[in-house]
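Data block below; observations after.
Values in this text are rule-based calculations from the coordinates and carry no lab data. Values in this document were obtained by computation on a predicted structure and should not be read as measured data. Virtual Cβ from ideal backbone geometry, glycine too; neighbours counted across all protein chains shown.
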Amino acid sequence: MGETALSQQMAFEASVSVTGDNSPRHLKRLVQTNLIFGEYAVAEKYISLLEKTLCYRDWAKAHRRFLYNDTAVEADALLGAKRRSLPAQSTLALLDGMETDLLRRAEAMPSDVLPVHYAGAARLLAKEMKPFQELIETYYGTPVLPSLPRSFQEAVLILSEDDPAYRKRFDISEQLIQGFAAFKKQVQTNRSNPSLPALSEKAFGDTYWHYYLFK
């Protein structure tokens with residue numbers, strides 16, 4: 001998700017806490033993150049350590065070609081994408097919360113829709129409907145959120161229950177509109193039925209409506 005600084009911090013802390021020799025897996029991550037940041041001297045130090053291992057020496061040698069070579073880093077599918085997603089202004093990881101960091105990533109790399117998807121999903125899991133509404137109203141129709149994923153559409157139907165015109169702003173699937181009508185009908189019909197949560201789980205367990213009402 002582009003949390004390169006946090007990834008580096010966790011890898012370093014894990015590496016120094018390992019008893020005995022360093023963990024090759026953590027050293028590999030430290031090579032990658034330092035290459036992304038352009039800290040080539042630091043990356044070279046970790047590459048040298050990995051070159052002394054039996055199982056990781058080939059990987060380490062292959063990554064020497066990135067040292068002091070911005071062009072190679074930026075052309076690499078993984079390293080280049082992560083470098084392009086770095087925020088323009090350096091900040092402390094998670095200083096303002098994970099969602100704020102995700103939205104910074106989205107604005108730094110508009111071709112990647114995942115940061116906004118994750119930020120929206122986090123708000124839906126917390127049932128924070130007003131912040132979710134602000135998110136989709138800000139980003140819907142832009143490169144970072146050209147269309148709404150299914151769970152987002154289902155949440156819009158909850159938001160627009162008393163204002164059906166609102167959902168017209170978001171190109172909601174007709175199938176989901178009909179499904180939400182069926183969900184509401186089941187809830188209204190079985191309002192006094194203690195088995196309603198189980199009935200809903202069976203028919204609508206994979207929807208956000210069920211999660212919002214019963215979880």
Orientation-averaged projected area, Cα convex hull of the chain (nm²): 16.2 nm²
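Arrange the peptides 27-36, 101-110, 69-78 so that the one whose residues have, on average, the most other Cβ atoms within 10 Å appears first. Can you show the working numbers first?
Working: 27-36: 23.4, 101-110: 19.6, 69-78: 13.2.
Ranking the peptides 27-36, 101-110, 69-78 by packing returns 27-36, 101-110, 69-78.
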What's the center-to-center distance, using Cα atoms, between the range 17-58 and the range 146-208 in Å? 49 Å
Approximate spin-label separation residue 69-residue 192, in nm, with each point projected 7 Å along Cα-to-Cβ: 7.6 nm
Would you work out if the range 4-84 is rounded, prolate or oblate? Take a ≥ b ≥ c from the square roots of the eigenvalues of the alpha-carbon gyration tensor; rounded if a/c is under 1.5, else prolate when a/b is larger than b/c, oblate otherwise. oblate
At a threshold of 8 angstrom on Cα-Cα distance, excluding pairs fewer than six apart, so keeping six or more, what relative contact order does the range 92-170 reach in percent? 23 percent
When only C-alpha pairs under 8 Å and at least 6 residues apart count, what is the relative contact order of the range 128-215, in percent? 26 percent
Hits among lysines - C-alpha to C-alpha of residue 82 under 26 Å, sequence gap 8 or more where chains match: 28, 45, 61
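Taking the Cα centre of the range 148-215 as origin and charging only Cβ (+1 Lys, Arg; -1 Asp, Glu), how large is the dipole, in debye to the nearest 20? Working shown, then result.
On the way: 9 positive and 8 negative charges, 24 e Å.
Roughly 120 debye, rounded to the nearest 20.
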Magnitude of the Cβ-charge dipole of the range 4-84, K/R +1 and D/E -1, about the Cα centre, nearest 20 debye? 140 debye
Length gained if residue 100 through residue 22 is fully extended, taking 0.36 nm per residue and subtracting the Cα-Cα distance, is 24.8 nm
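Sequence gap at least 6, Cα distance under 8 Å: using those rules, report the relative contact order of the chain to the nearest whole percent. All intermediate terms of the calculation are to be shown ahead of the outcome.
Values: 198 pairs, mean separation 25.4, N = 215.
Normalised by residue count, the contact order of the chain is 12 percent.
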Between 0 and 90 degrees, rounded to the nearest ten: what's the tilt of helix 129-139 against the longest Cα principal axis of the chain? 60 degrees
Debye, to nearest 20: dipole size of the chain, +1 on Lys, Arg Cβ, -1 on Asp, Glu Cβ: 460 debye
